[in-house]
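Any read-out appearing in this document is the output of simple, stated calculations on the displayed coordinates, not a laboratory observation. Just so it is clear, the model here is predicted, and its values are computed rather than measured. With ideal geometry, Cβ positions are generated from the backbone for all residues, glycine too; neighbour counts draw on all protein chains shown.
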Amino acid sequence: MYKGVKKRSHWLPGAQSNLPSQISRATKDSKKVAKLDVFTTNSLNSQIYNYKRPKFNEIETTIIEARNPIVEKFVTNFISNDTIFNNSEKIKIITGIH
């Protein structure tokens with residue numbers, strides 16, 4: 001028998017009893033890393049493709065040059081749209097390829 005196998009048998013029972021808490025911790029950490037990945041990727045894409053955030057305030061919401069990032073990749077002559085919502089408008093129906 002290898003020396004390493006004998007040594008590992010000493011820590012294995014303790015590791016098995018501690019395993020559920022380690023899995024829980026690893027799951028929480030992986031969710032944090034996934035969120036960070038999404039935020040980083042969105043930030044990078046917004047810089048590369050010149051995406052802009054809509055402007056919100058209590059009077060109106062303004063969306064200038066709105067684009068659909070997926071459709072924009074497949075259409076050669078994409079036309080962006082402007083939309084302004086003010087307090088008197090509760091909803092707008094936007095039709096078309098967007």
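Sparse packing (at most 16 other Cβ atoms within 10 Å of the Cβ) combined with a DSSP loop state is found for the following GluC sites (Glu not before Pro) in segment 32-98: E58, E89.
If I stretch the segment between K35 and A66 completely, what's the gain in nm (0.36 nm per residue apart, minus their alpha carbon distance), one decimal? Don't skip to the answer; put the middle values down first.
On the way: separation 31, 0.36 × 31 = 11.16 nm, distance 2.49 nm.
So the chain would gain 8.7 nm between K35 and A66.
Per-residue extension of 0.36 nm, minus the Cα-Cα distance of F85 and S21, leaves a gain of 18.1 nm for this segment. Here the spin labels are modelled as points 7 Å beyond Cα on the Cα-Cβ line, and at N57 and I94 they lie 2.1 nm apart.
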